[in-house]
Structures are given as C-alpha cells and as structure tokens.
1. Under 5 Å between amide hydrogens, which residues at least 5 positions from residue A:45 or on another chain qualify, with H placed 1.01 Å from N in the peptide plane?
2. Calculate, in nm to one decimal, what residue A:96 and residue A:578 gain on full extension: separation in residues at 0.36 nm each, minus their alpha carbon distance.
3. Only bridges with both residues in chain B count here: give the DSSP antiparallel percent, nearest 5.
4. Could you state the angle between the C-alpha long axis of helix B:354-365 and the longest principal axis of the C-alpha atoms of chain B, as a value from 0 to 90 degrees rounded to the nearest 10?
5. Using protein chains only and a probe of 1.4 angstrom, how many square angstrom of residue A:546 are accessible, to the nearest 10?
6. Kindly compute the accessible surface that chains B and A hide from a 1.4 Å probe when together, both sides summed, and give it to the nearest 100 Å².
7. For residue B:669, which sequence-distant residues (separation of 5 or more, or a different chain) have an amide H within less than 5 Å of its own amide H, given hydrogens modelled in the peptide plane?
8. Pop out the ³J(HN,Hα) list for the stretch B:280-287 in order, Karplus 6.51 cos²θ - 1.76 cosθ + 1.60 with θ = phi - 60°, rounded to Hz; leave Gly and Pro as x.
Amino acid sequence: MAGGQIEKLVKYKSTVKDPGTPGFLRIREGMLLFVPNDPKSDSKLKVLTQNIKSQKYTKEGSNKPPWLNLTNKQAKSHIFEFENYPDMHACRDFITKALAKCELEPNKSVVSTSSEQLSIKELELRFKLLRENSELQRLHKQFVESKVLTEDEFWATRKKLLGKDSIRKSKQQLGLKSMMVSGIKPSTDGRTNRVTFNLTPEIIFQIFAEKPAVRQAFINYVPSKMTEKDFWTKYFRAEYLYSTKNTAVAAAEAAEDEELAVFLKPDEILARETRHKIRRVDPTLDMEADQGDDYTHLMDHGIQRDGTMDVVEPQNDQFKRSLLQDLNRHAAVVLEGRSIDVESEDTRIVAEALTRVKQVSKADGETTKDANQERLERMSRVAGMEDLQAPQNFPLAPLSIKDPRDYFESQQGNVLNVPRGAKGLKRNVHEAYGLLKESILEIRATGLSDPLIKPEVSFEVFSSLTRTIATAKNINGKNPRESFLDRLPKSTKDEVLHHWTSIQELLKHFWSSYPITTTYLHTKVGKLKDAMSNTYSKLEAMKESVQSDLRHQVSLLVRPMQQALDAAFHHYEVDLQRRTAKSGERPNGYV
Amino acid sequence: MIFKIEDVTVYFPYDNIYPEQYEYMVELKRALDAKGHCLLEMPTGTGKTIALLSLITSYRLSRPDSPIKLVYCTRTVHEMEKTLGELKLLHDYQVRHLGTQAKILALGLSSRKNLCVNTKVLAAENRDSVDAACRKRTASWVRALSTENPNVELCDFFENYEKAAENALLPPGVYTLEDLRAFGKNRGWCPYFLARHMIQFANVIVYSYQYLLDPKVAGFISKELQKESVVVFDEAHNIDNVCIEALSVSVRRVTLEGANRNLNKIRQEIDRFKATDAGRLRAEYNRLVEGLALRGDLSGGDQWLANPALPHDILKEAVPGNIRRAEHFVHVLRRLLQYLGVRLDTENVEKESPVSFVSSLNSQAGIEQKTLKFCYDRLQSLMLTLEITDTDEFLPIQTVCDFATLVGTYARGFSIIIEPYDERMPHIPDPILQLSCHDASLAIKPVFDRFQSVVITSGTLSPIDLYPRLLNFTPVVSRSFKMSMTRDCICPMVLTRGSDQLPVSTKFDMRSDPGVVRNYGKLLVEMVSIVPDGVVCFFVSYSYMDGIIATWNETGILKEIMQQKLVFIETQDVVETTLALDNYRRACDCGRGAVFFSVARGKVAEGIDFDRHYGRLVVMYGVPFQYTLSKILRARLEYLHDTFQIKEGDFLTFDALRQAAQCVGRVIRSKADYGMMIFADKRYSRHDKRSKLPGWILSHLRDAHLNLSTDMAIHIAREFLRKMAQPYDKAGTMGRKTLLTQEDLEKMAETGVQDMAY
C-alpha cells in the first residue's frame, strides 16, 4: 500500500441510470472520499471503510464500462465509473485490503475484552445450532446458564461448527473443467456479422495450458506489440479459420499476417514436449517402437489397398488440425490438473507462471532416473497374474464401522473358543501389557524398526483386549445381541451418557486452560473445578441409586469417568501448591 | 509350483494353475514329443503365454542332451516386452528352485531404431534413416577408409564390439530391449549387433513375425537357426495376413520417380568409378561370370534386406549375361521403369496374372523372366560395389527390383492389379500397380519345413479347421480350449436397437443415418455414467470414427460424455496414440476414468490390453467387415474359392468376426478380472454372423441378451457390475475347480486327466 492512499479519476453515480459526476476518488485505509471536479456540485461523498458491506464490479471483457459498486451497511450503493480497468482493479484491491483489516479488528476486540459484539447473523447461527442439536443445547444450558463457562468459551471450542475456520482453511485446488475450450461459442447480436467472445480467466488458463504456442506468443507480443484485446481477436480469427476447414484461405491469411500464422502453424513447443514424453512411456504400450520394427511396412511393400486399411484424406497439410488431436490434448491437460497456484486476473502473470512450471517439470524429467526404474518395476508388477498367486494381503475380519461394539462381539467367538480359566485370563492381560511395554521400551532404545511392532505382540495385545471386553459382555449377556448399556433403565442410561458428555466438555476446557497465565484463566479453572466436583458427587449418587444387580456394571462404566476427573483434580491441586509456593517466594509475583 | 506332466517336470512360477493351462501344457507337450506342428486356441485371460513359456523351458530342462531352442514370435514390440517380462518372472522362479543349471539366455530382437544407443544415429527420424545412418558408420569400406582418413566418423559402440570380437557375449539372463540397451551402453558395445550375434547362442529369442516370415528380413537375421527349434506364433489369428503382406509389393508414381532419380545417381557413381577405380567394376563383372551373385561373407554392417523371394525359390545359378555389366543392368532397369510408367497410366482397373504380365513385359520392353528374377541380386551386388551407404535414399529402386524379382519368380498365387484411384476416393488420382500375394501358405512354408515344431496359438482361432487349410499344413495337435469360469466374469450383449427402438447398424446404407449416430452416442453417454474406470469403444474404420465423433461434437453428445470421463482417441499418428494410451491408463489409475476410441484392425486393437480397470466395458460399434469392393480382396477371395473351396461370404464373415472377437477379447486377462462386451449392431443377432464368434464368448452370450435395446442393456450392465463387485471364492465352487493347487494336480495325475471337472 504505497503511501497508504490512492487517487483516481472517476465519475460518481448514485444510481445506475445517473449520468455521473466527474471528479476524483481518494481512498485511504480508513475511508473513501469523492471530490467532484465542479466544486459547486453537492455530490461530495465520504464513506468510512468499515461501513462498506460489499463491493461489486464489472468484469473485464464485458462490454460495460469499468464500474465499481460499493454497498454500505444501510444498503445504499455508490457507483464509480473508472476510466479504465487497471484503475478500477487498483482501487478494488485497495478496498479489499482495507475491508479485510476492518474485519480483523472487531475480532481482536472480542478476544481481548470478551465483550459480546456479535453480529446478528452469528447469533442466529448459534441459536440454530442449539436448536438442531439437543445434546449441545443441554450442555449449553448446563454450563453457560449456570455461569461455569461464558458464552464465548463455550463456542470457542466449536469454531468448526460456526464455520469460521473453514474460511481460513486453504481451499482445495480445483481441477480443470472437462469442457473443451473449442466449446465456447461466440454470442451474436443477431443483426450484424459481429460476434463476441466472452473470455474468463478460467478459459484463458485452459487455452494457455493446452496450447503452449499461444502462451508463448502472448508473452512475446502482449503488450509490446499489440494489446491483449487484439491478441485474442487474432486468436479467435485463427480458430475460426480452423473451423471452416478451408486450408487454402488459412494458408493465404497466414502468409500475409505473421502473428496470425503463429496460431495456425502446428505447435512446436507441443511437439517438443511430445518427443520428450514418448521416451518415458510404458514399453508395453509403446507403439512407436513397433513402427521402428515393422519391416512389412517398408515403403510400398505389403498390401496397400485391400480394404483392411481405410483411407483418409492426407493430413499432412500444416494448416489442418483435427478435432481428434484437440480432444486428446484437452484430456491430457485436464488429467495433468491445475499445475499453478496463481489466482490472478492478469493474463500475463498466468502465462509466465505456466511457462515456468513447464520448464521445471521438464528439468525434473531429465534429472530423475527414478522414473525409468519405476517404469520397469511397474512392468514387472503387471506381468504377474494376480489370482494365480497366493493372496498378498492377510485375512481380515470384516469391520463394521457403524458400531465398534459389533467388532468386539464378532471377535468374541474366536477368543472364547479357546478354553481357558479365569486366572489364565488375568495373567494374559498382564502378559500382553508387559509385552507392549517392552516393545515400547525397545522402540525408545533403538528407534523405529521395520515392523513397527512385532506381529506377535500386537496380536497378543489385541486378543487380550478383545477378551476383556468380550468377557464383560459374556458375564451378564444372556442375549448376545444386547449390550450392557441397553439393559439399564432408560433414565439411568441417559444419565450415564449425559454425564459422560458433560465431563468431556468440562475436561476439554479444563485442560486447555493450562498453563494458567492470566487471572481470567485462573477464575475459569476454579469454576470448572467446582463444576467437576459437583458432577463427581452426582456420579457417586447415581452409583448408589441403581439396583444392586446392576451396580457392579454401572460402577465399571463410571470408573473411567471418575478416574479422568481424579486426574484433573490431582493436577489442579499440584498446580495450586506450586503456585502458592511460588507466590510465597515472590510476594509481588502475579498469578 | 512344481509338478509332472508325464516325464517332464514343469516349473510354474505361481502357486495355483488354471485347469485349462494344465491341459494346454499337456497338449503342447504331446506336440513337442511328436516333433510336429500344433494349433491351439485358448481364450484370452487364461495365461497362455506363461503356460507356454513354462512348459517349453521345463521341457528343455528335462532333455539336457538335446536342448531345444524357443523362437517366440509376437506381432508387436510391446507384446515382445510383455512376453519377456513374464519370462523374467519364470526364469527367476526356475533359478530359485534349480540353481544355475536353469539359467538361460533369452533376448528380444528388434531393429536398429529400437536398439541403437548411439545418439547421433538415433537422431534420425525413422527406421530407414536410422539404418542408413548406422551403415554410414559401420560399413566395411567406411571403416577401411577411416584408417587412412581420421576424419571419417565411425560408431564407437560398433568399434568396441568388433574389437571384443569373440569375447563379446551376453551373460545368461533375460534381456528386454531396454536391458540390452543398458547393457550395451554399460559395456560400450553395440547392442544391435551384439543381439544379432547372440541369436545363435540364445535359448529363447523373442521377435516379430517378420523376422521369420518375411524373406527380406529372415534372410539376414534368422538364417542360422537350427532345426531343433520350437517356433511359436502368439496371437496368430492374423498370421495369414502377415504372410501375404510379406510377399506383396506395389509401385506408385512416386516410386517410379524416386527410382529414376536413384538410377541417375547410380549412373553417376558408375562413371565416377570408371574414371577412378575401373578395376572394381571389372572385378564385379568377373565375379558374376563365375556365377557368384554376392561376395561370400558379408560383415555385419554391410548386410541389407535380403532377397524378397523365399529361400528355396531363389535360383542358384549365374546372373544372366545381359545384366552382368553395370551399364547394361541400368539400361534394363530404365526400360522396366518406362514400361511400368506406361502401365500406370491406365484409366481402368486392370487385373492380370504374373505370367501374362511377364510375357507382355518381354514383348514390349524386351526383358526376360530370368532377367527379372535376378534383379534383386544384381542390384545388391552393384550397390555393394559402388559402396552406397545411404540405403534409405535408394528404397524406391529397391522396391522396383523386389517387384521384378517376385514377379519373375512366382507364377501361381499372385495377381497384378492396377488401379487408377482408390475406389472410395475417386476424386483423388493415385494410380498404383500392386503385386499381391493371395496364398498365405507360401511365406510360411519354409518355416514349417525348417523347424521341428511350430506352434500357432491365439485367443481366437475359430473356426479352427480353417487355419490348416489357409496355411497348408497338417498339425499333430489341433485343439480349442474352453474357459472354466469361477463366476460369469464376462458379459457379452448384442445391442440391436436404441432406446427409441430404431435399429442400429453400420451397414453401408444405414451408418450415417442421424438416428443411428444418435443412438450410438446415447448408448455411450448412458454407459459412461454407470461403468467405473475405463471404457473402450471400437469403430469399424478410421473414417467412420472421425465422422461420428465430429457429429457427436456438434450435437453435444461428446460434451455429455466428457462430463463423466475423459476422452482419448487413437489417431493415425502413432506417437500421439501412444501418448493418448499412456494418459488413458493414468486416468484409469487415478480414478478419473476415461473412454478410449479406437479402430478395429487398427494398431491399438492389435496388441494393447485393456485388462482390469483399464477396461470394464468394450463397445464394438458395427461389424468390422473389410471393404468388400476392394479389387485385391476380390482377387484373394476368388483364389481362396478356387484353391481351397472357401466360400466368399464365409471368409468375409470369418474375417470380420475374428477382428471383433479380438477387439472385445482385450478386456479380460485373468479370471479375477471382469468386463462387459457390447456388440452394437443388429447384424450380430443373426445366427450366421454370431456363430462365428469364439466359443468362450458364445457360451456366455445368453439368449436373453441377443436382442437388446439401450435401456435394457443399461439395466443388465448395472446388475452385472453390482454382482461382480461382490467377493467370491477364487477356487471355484460346487465341485467345479477353476483353480488347481499342487495337491489337486497330484491327485489328477493318479486318476487321469479325464476327471478334470469343467
């Protein structure tokens, strides 16, 4: 932003129909000022940037003059007509940057002051989410309304839902359209013989990618020799000549106009690329090698006209290019995908970037000998017949992703088929744990080896895990389909599940608050701890209240939750102690 | 797995084997035992090549006292590479199990263009110029000259190879062309001459048909193969065409013009030699008087295409007196060119037998039959004497001499046809004089005579009794194998109508009907939206494909297809087609999916596999008949009718259907693979046409699938694809074993092969 200010000659219009007041537009970071040439005119204008809601502008190449349309928050629009497109683009870019800055600022303020400056839209979104998700609503009610968490804290962990992050995330690269460039049809006004082509950056990119000669010509000629518009006019003139299939006319025009001839001649850059690529082609496909081997097709030897080979009019005319070639070329380019990451409106930048990418990939192809090796490997892989060989992969148990419990249940049969006492089981679990620990130690000592974990170890660990889970079910599962949770009374089940989600929520906030650096976090942790101990006692109460035959199982379910909470409490205590000890040392220390 | 077939222990590089592979080996072994020829048809996708290679190499191992050599002929270079790839796998396996005694030397052989490593020579564009560029650096007189003049450029690789002399040997192993090049580069030896030299030591040679069938090529490459060789022609359904092509020559206007220029050049050279080195021409004359056409042994670099006539038809006598002197020979050739020029000036199509052609040549130009016959030898001798190295420049005169030699040698089985223009393009005058061979048995006869076993095998040899007649031999074994299917992994359909119930066909009067074109397009649009990965379409001819794609482009059908899949097309430019294929495969690999448009009888249909995800559906648009009004085809049909009593219609249908079967057969490679085949023409629903398809396709063609419209075909395709996506038992179910293990084979050996369940 050189100078932080930009000034352009424009015409200001309050509506589309308005003929416009000439003057100049001065844009600074914070605001936008229009000063009419005629000092008597009352159309002087001042707009603060943060009041601008959106901007629209006319596309280059359309036959409208370059207009920039700014809409402010009161939905009033200001239209500026520029003298030319570059001016407009410069202003547009400037405003875009200024707008982005304005957007950032309110965000900052939210974090620092935690004030609730939310747009109505955002609030609506939050309400909508709460309405749609009852579980979320319940959590919200429980924690926010009881002031354990603030509204912001609650939503801060759910940015994804609000769609904020998705804006920041890098977009997935779009591929190319599969439509042919030659498919763009000109529009006619119906009265005269004039035709109009609408070129978008997308189309230009595709033309450049498919026709390197055109790209090169653009770099050479524009803007030194001709304007961009002239360039494209010539290009489409050449395309038109192709489509008429009148090679004589094409040849004649090419002879007169050397720039036009560039488009009509066969593409040499392409031919070079082709020669380069053919050397790297899979030898089992290489039909060019056949041609070099085929002595029956010595000139005039063999049978010429027996009707097996069919005749096509000679294609060697240099001003003729077939649709089939275009199709092949197009498909190859689409397959290659978008190789550059330039989101520019400027055609020249696109052209240059493409040329660079091509050169790099060519250099790569020359330096890497691996390609050849890989080609040979692929060949030997393909040579084998797959179903005569022993299967390469190991037998797998079908894994149902819908409900992980099903997996363990399906494995239960395998595991329990092995007769074994309860003692054996216990020992096995420990053994498995021991094995796992050992191998982790080993990894620590020696680093990663090729099979990350020995198959025996992983098998042992898995089977004992499966067994433990399976036995839990086996003990009380008269009906194998029924899981334990289903046997609890509905209210208890719901309660357990709800506790689980709320504990998760609390713990998430709790652990993310560490290390405590501000007083704000300190009070937050305090609140969280209270809420957690509250939940803890609720769990205890629930354990007491269930029927005696279920109590054991419920306590099994509750135990991990309590353990998690205990760990949090413990951490809280330790931290507190450390903190008091510290503050004892430094009486002036901040918390 | 290792198992026994009678007294031979077979080493097979996989854990399982298909029952038909086993049977194939049994039959093949019988033929080898009987030292006779055989004809075996086995469906594509059942591992013919590996069965064949593993039996023959195992057979060799079991008879260490009389080692046989395997000469494996493929149609194309890429098939050659594929075969060598499989052989590598097998060789590794055998060496692993048997140790060094199983080591063999196997190599592929191709032209200089594909083997040369000298970058300067390779810069030449086509094969002929590469050959000439090589000769310029390796001919004996060039090398002799370089000892005096250090500025003469030689090829280092060739010089090193010559220096190494007897020590230039390839260690045992399997060498693809790529491997040969790498080896040559590494050692600094010329891979081409090394490979040609190693032919006599190799246990397995893989090369193209022409290296054995075409006398011009076989004459200098395959001369020294021993009788105890097994010759295999793989994918041999077109072998008759290769045979007749090898003996056919044609002459055009450009040929005559070029030949005239060549003669002027030769004339100048003769004059130059007369002035500077007259002794050389005299020496040649004396040699010819003594009856020697060629100077005994030629060094490798001097050899050039051999006599176009078959070895036993070449006269072993002295060159007639009237062409012994170089100038006289040039005069004779001038008269010949003049006569041919007059004949080309015809307004009408003329057809003649060689006998009457020779007699009118004698009366009008005064050239006798015997003189004609020696044209090739005389030219060869003259060119060597004149030390001409740029052989590519002299192709036209060689063509004319080849023509003269052939027309002078053969009176039967040939005809001469002169056409002022191609009948399909009457507005373009392009006169051509063609000497065309009709009898496929001529070219292959020396092969049958010379080698103890010749195996002709392919996926489509139906009707199998026709081939022995066409090629005139008696096989000791002639069998067609069925395919044992684990599941119905192929789904052939005959589509006769579009969704609007209008019939579709490429019959001449219907093919450009907009309704047919639209229905063909709609079929593909619907299919690409339901078939995953690769789809291949074959059209009856190049011009038809060109036309139909242009129409689809205009009517927006192509756009609809492109929304689903990328489109790649076979063009007449081989390089472009190769790249298109490579891209097609990549599009299938990455999951984008693609359609490939190709032509029946084209290069792609001939040898590219569309197995697995590279081809889940093949659409054959129309019946690929030859252009039946072609004069050459007429003449051939007449000859077949007169000599072999083969009916015209039968032969045409047979030929069209073998091409169609060949096209659709490309989709399947193993039993784990699956694919659909759509025959889109109402004529396929007729029994006389359909019944010519190979049995393995017919057995899957259900009656309900014989007369489908587009919507019905879509429905069937959906069902089929859904079914194929399910897991299945590879070993086959309910007593029908489709995959045999070692155990099964041992059990079978006890009870006898007959129990094998199909």
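1. So residue A:45 has HN proximity to A:34.
2. 168.5 nm
3. 25 percent
4. Compared with the principal axis, the helix lies near 30 degrees.
5. 10 Å²
6. For B against A, buried area totals roughly 7800 Å².
7. Amide H neighbours of residue B:669, under 5 Å, 5+ apart: B:612.
8. 5, 5, 5, 4, 5, 4, 4, 4
The values are calculated or read from the model by the stated rules, or taken from the named source; none is laboratory data. This one's a predicted model, so the numbers in the text were calculated from it and none came from an experiment. Virtual Cβ from ideal backbone geometry, glycine too; neighbours counted across all protein chains shown. Each accessible area value is taken on the protein alone, full model and side chains, heavy atoms only, with ligands, DNA and RNA left out. Shrake-Rupley method; radii C 1.70, N 1.55, O 1.52, S 1.80 Å.
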